[in-house]
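First comes the structure, then the notes that go with it.
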């Protein structure tokens, strides 16, 4: 048995595919690629595929991570990359494959923060966005309510940065948000708190950060 | 019309996060086929008029998608009904219904091809046309509008939908679809008006163009005749079949979200020789044609490679009757256990051999074992021609419980012709006998789930003359079942009589039903197949507005010589044969499996030439000398 960590981009075709379905898609991707995924023991064996951190529905990502277990000891990361790329799956772009020690802690337990980009679908005033962002960072607290739960968004925001528009994109907001157990910041909430409609922006995850 | 793709994308980006399961509306799945829009002569939208989740797994559309896209001059795309939340959002933003591959509006297509496997999709069909911006009535369409065609089992009585569909494809579509496309292309190149296209289509074997006919009614409301208005229109439209099943599709589109059936589906056999008299599929899908084991195994291998699926379904109307079933199951199961595959094999007969098959497939015991006795007394079984001895059912049940299943599902139907409350009570007794066996074997874990649906007499079956039970009759029978089919381990589900009424009206309706369907849609009916969406009152009002008594279609005993609204559509089975079967049902006479002896249903003379041209063992009718005259003398409906 071997364990591999796959870094991949989730692109437009899978943008509206939720986490449970992504799990299924990985199973099928590995089958198509002829990679012998390992199954859990027990009455209902499940393929051993572990994602680092669920991505909200409708988000794109440049940096998803999944650990897969294979019933094989001899494959090298290069072989796995080649097999995956030979049978491309729409919506998944393989960025890197590395072998990981079987005993290492799971990714999901080590996530501490995530980084997102919000790109506005229509052009907007970057200066205004910048001043709103600094006001937000200067606020002592940001009381919000989500799904009937009141919470303070401010401590969940670790960094905000405005990227002005250029020829390829409208103005964007880069944000680093806490992603610890019961302290997870949601990027749509930040956009709302800035006074914009959350559905006016397109979200892309750019990084998942872990404890060492 | 110019098409602004970016604009639509932006609108969708804002809408999709606000609706349930937005993955239904984007396409882009594995194995989707995309072509350059402008580089293709003919654009076809294949539609299933219900949501993506139900429509994507539809095997008929998968077959058409593959065979059409194999042509360089055709681009076939998919479209489904948006769920109510998405429909609202689309109407609010003036987004017309679009195809999943190109995201082009459906109105830009040459042909809109709908599948109508069951009647409760009719209002959805109207809604789909409306969302596409296509005039609902065929007569209101001009040269600029797509040609709207429909196929599928419900089209064997096309009359209720005849006002809305330009042409119905009767029978199997594999070859017919290409004839339709060719006729369309020839017409388009000719620059002639739409009326010319309709006449050209009427010449295509298996196609029914309703605009070329006019009905005449007797004063009592029954049909006098359906008169062809044009020399191009044949008096009778005989279904098309393929003489030999072509290799099955393998390059299935793999949805990126969960849908009802997520699996490779391979049709191992088409048709059924058992002759159950209630069964629409059994009469319209004759003759039985089998695929060779080798071809099925090959298809499974290829499909698994192309899809990565973890489940395979072997489909047919009666799996146990597939000649090489043991060989097939042995080979498939060998492959399955090596690859963590789940194999499903539905429609098994009530015999212990069926359990052997499931054992070989290492079938999961979780979902329970399903059997369909349909009736519980010998008299009823003889009436419907589904003979199963009670002892055989009990023996099968014992074997199921003792070999690892704790749940048995039994499907029954109430409302068979001449059924009495005693016949219904026998369902209770039979279920109690089965659960008693289960408790003897595995104690309190034993579960019996009785699914009791209500029979609706269908066109082209021996019971097409019979009335449907009234709501009061159905309620009395269900009341009996609900009060007596109780006890530890017993569960029962049933169909609301109001759902049954809708199915019954639409199944045997004539052209006048079109107004009722239109009214119902205008009054808000859609998703009638969904229990939580269907509203009986809307339909009552729709009938009132049209001045039509619904009971005319449901509760009337038909005279033996009545001309039915669907008599001009021929499934290859003679009406005289069906009448003989109806009479046989009244005397409780059995007909055995017709592979053993031919009962002259009419299939052989209808397709004699086709069979001669395609010899081989795949066609399961016995060899019978055909008396030439008979086919010619067959009475014509009108």
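Structure above, values below:
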| item | result |
| --- | --- |
| Identity of the residue in region B:309-327, within 20 Å of residue B:364 (Cβ to Cβ) and buried (at least 21 other Cβ atoms within 10 Å of the Cβ), that ends up farthest from the other protein chains (Cβ to nearest Cβ) | B:325 |
| Options B:87, B:72: the member that is more than 14 Å from chain A (Cβ to nearest Cβ) and farther than 29 Å from residue B:179 by Cα | B:87 |
| Residue among B:296, B:300 that alone is within 14 Å of another protein chain (Cβ to nearest Cβ), under 17 Å from residue B:246 (Cβ atoms) and crowded, with 19+ Cβ neighbours inside 10 Å | B:300 |
| Count of region B:337-360 residues which are within 17 Å of residue B:264 (Cβ to Cβ) and buried (at least 21 other Cβ atoms within 10 Å of the Cβ) | 3 |
| Qualifying residue in region A:76-83 (condition: away from every other protein chain (no Cβ under 14 Å), part of a strand (DSSP E or B) and in contact with a strand residue (DSSP E or B) (Cβ under 9 Å, 6 or more places away or on another chain)) | no |
| Any hit, region A:173-185, residues being touching a strand residue (DSSP E or B) at 6+ places or on another chain (Cβ under 8 Å) and either within 14 Å of chain B (Cβ to nearest Cβ) or farther than 25 Å from residue A:15 by Cα (or both) | no |
| Residue within region A:133-141 that is touching a residue at least 40 places away in the same chain (Cβ under 8 Å), away from chain B (no Cβ under 14 Å), over 30 Å from residue B:29 (Cα atoms) and under 20 Å from the mean Cα position of the chain (by Cα) present | no |
| Breaking point among (1) touching a residue at least 12 places away in the same chain (Cβ under 8 Å); (2) more than 10 Å from every other protein chain (Cβ to nearest Cβ); (3) under 24 Å from residue B:341 (Cβ atoms), for residue A:98 | (3) |
| Where a residue in region B:80-105 is not assigned by TED's automatic domain parsing to the domain that holds residue B:18 and its partner, wherever it lies, is assigned to a loop (DSSP other than H, G, I, E, B) and buried (at least 17 other Cβ atoms within 10 Å of the Cβ), with Cβ under 6 Å and at least six apart | none |
| Sole residue being within 14 Å of the chain's Cα centre (by Cα), farther than 13 Å from residue A:68 by Cα and facing chain B (nearest Cβ under 9 Å), chosen from A:17, A:11 | A:17 |
| Selection from region B:1-17 of residues that are within 7 Å of chain A (Cβ to nearest Cβ) and touching a helix residue (DSSP H, G or I) at 6+ places or on another chain (Cβ under 6 Å) | B:14, B:16, B:17 |
| When residues of region B:37-59 are limited to those that are under 33 Å from the mean Cα position of the chain (by Cα) and surrounded by fewer than 21 Cβ atoms within 10 Å (Cβ to Cβ), the one nearest to the other protein chains (Cβ to nearest Cβ) | B:53 |
| Residue among B:32, B:20 that is within 14 Å of chain A (Cβ to nearest Cβ), in contact with a helix residue (DSSP H, G or I) (Cβ under 7 Å, 6 or more places away or on another chain), at pLDDT 95 or above and not in a helix (DSSP H, G or I) | B:20 |
| Members of region A:20-42 found to be more than 10 Å from every other protein chain (Cβ to nearest Cβ) and closer than 20 Å to residue A:83 by Cβ, listed by number | A:23, A:35, A:38 |
| Residue B:265 in a strand (DSSP E or B), touching a residue at least 24 places away in the same chain (Cβ under 8 Å) and either in contact with a strand residue (DSSP E or B) (Cβ under 9 Å, 6 or more places away or on another chain) or buried (at least 22 other Cβ atoms within 10 Å of the Cβ) (or both) | yes |
| Among (1) surrounded by fewer than 15 Cβ atoms within 10 Å (Cβ to Cβ); (2) within 21 Å of residue B:566 (Cα to Cα); (3) in the same structural domain as residue B:104 (by TED's automatic domain parsing), the one test that residue B:133 misses | (2) |
| Test for residue A:202: is it within 14 Å of chain B (Cβ to nearest Cβ), touching a strand residue (DSSP E or B) at 6+ places or on another chain (Cβ under 8 Å), part of a strand (DSSP E or B) and under 27 Å from residue A:64 (Cα atoms) | yes |
| Filtered residues of region A:22-60 (kept if in a helix (DSSP H, G or I) and either at pLDDT below 95 or surrounded by fewer than 19 Cβ atoms within 10 Å (Cβ to Cβ) (or both)) | A:23 |
| Odd one out for residue B:456 among (1) assigned to a helix (DSSP H, G or I); (2) buried (at least 20 other Cβ atoms within 10 Å of the Cβ) | (1) |
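Residue-wise test of (1) modelled with pLDDT of 95 or more; (2) assigned by TED's automatic domain parsing to the domain that holds residue B:165; (3) in a loop (DSSP other than H, G, I, E, B).
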{"position": "B:10", "(1), (2), (3)": "no, yes, no"}
{"position": "B:24", "(1), (2), (3)": "yes, yes, no"}
{"position": "B:27", "(1), (2), (3)": "yes, yes, yes"}
{"position": "B:44", "(1), (2), (3)": "yes, yes, no"}
{"position": "B:50", "(1), (2), (3)": "yes, yes, yes"}
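Quick grid of which residues meet (1) more than 10 Å from chain B (Cβ to nearest Cβ); (2) touching a helix residue (DSSP H, G or I) at 6+ places or on another chain (Cβ under 7 Å); (3) under 30 Å from residue B:404 (Cα atoms):
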{"position": "A:44", "(1), (2), (3)": "no, no, yes"}
{"position": "A:63", "(1), (2), (3)": "yes, no, no"}
{"position": "A:72", "(1), (2), (3)": "yes, no, no"}
{"position": "A:89", "(1), (2), (3)": "no, yes, no"}
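Conditions tested, residue by residue: (1) under 18 Å from residue B:388 (Cβ atoms); (2) touching a residue at least 60 places away in the same chain (Cβ under 8 Å); (3) surrounded by 24 or more Cβ atoms within 10 Å (Cβ to Cβ).
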residue: B:415; (1), (2), (3): no, yes, yes
residue: B:421; (1), (2), (3): no, no, no
residue: B:436; (1), (2), (3): no, no, no
residue: B:443; (1), (2), (3): no, no, no
residue: B:452; (1), (2), (3): yes, no, no
residue: B:467; (1), (2), (3): no, yes, no
residue: B:472; (1), (2), (3): no, no, no
residue: B:475; (1), (2), (3): no, no, no
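One line per residue, one yes/no per condition, for (1) modelled with pLDDT under 95; (2) assigned to a loop (DSSP other than H, G, I, E, B); (3) within 22 Å of residue B:279 (Cβ to Cβ); (4) out of contact with any strand residue (DSSP E or B) (no Cβ under 9 Å at 6 or more places or on another chain):
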{"site": "B:538", "(1), (2), (3), (4)": "no, no, no, yes"}
{"site": "B:542", "(1), (2), (3), (4)": "no, no, no, yes"}
{"site": "B:565", "(1), (2), (3), (4)": "no, yes, yes, no"}
{"site": "B:577", "(1), (2), (3), (4)": "no, no, yes, yes"}
{"site": "B:581", "(1), (2), (3), (4)": "no, no, yes, yes"}
{"site": "B:615", "(1), (2), (3), (4)": "yes, yes, no, yes"}
{"site": "B:622", "(1), (2), (3), (4)": "yes, yes, yes, yes"}
{"site": "B:629", "(1), (2), (3), (4)": "yes, no, no, yes"}
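The values are calculated or read from the model by the stated rules, or taken from the named source; none is laboratory data. What you are looking at is a predicted structure, and each value in this text was computed from that prediction instead of being measured. Neighbour counts run over all protein chains shown; Cβ positions are idealised from the backbone, glycine included.
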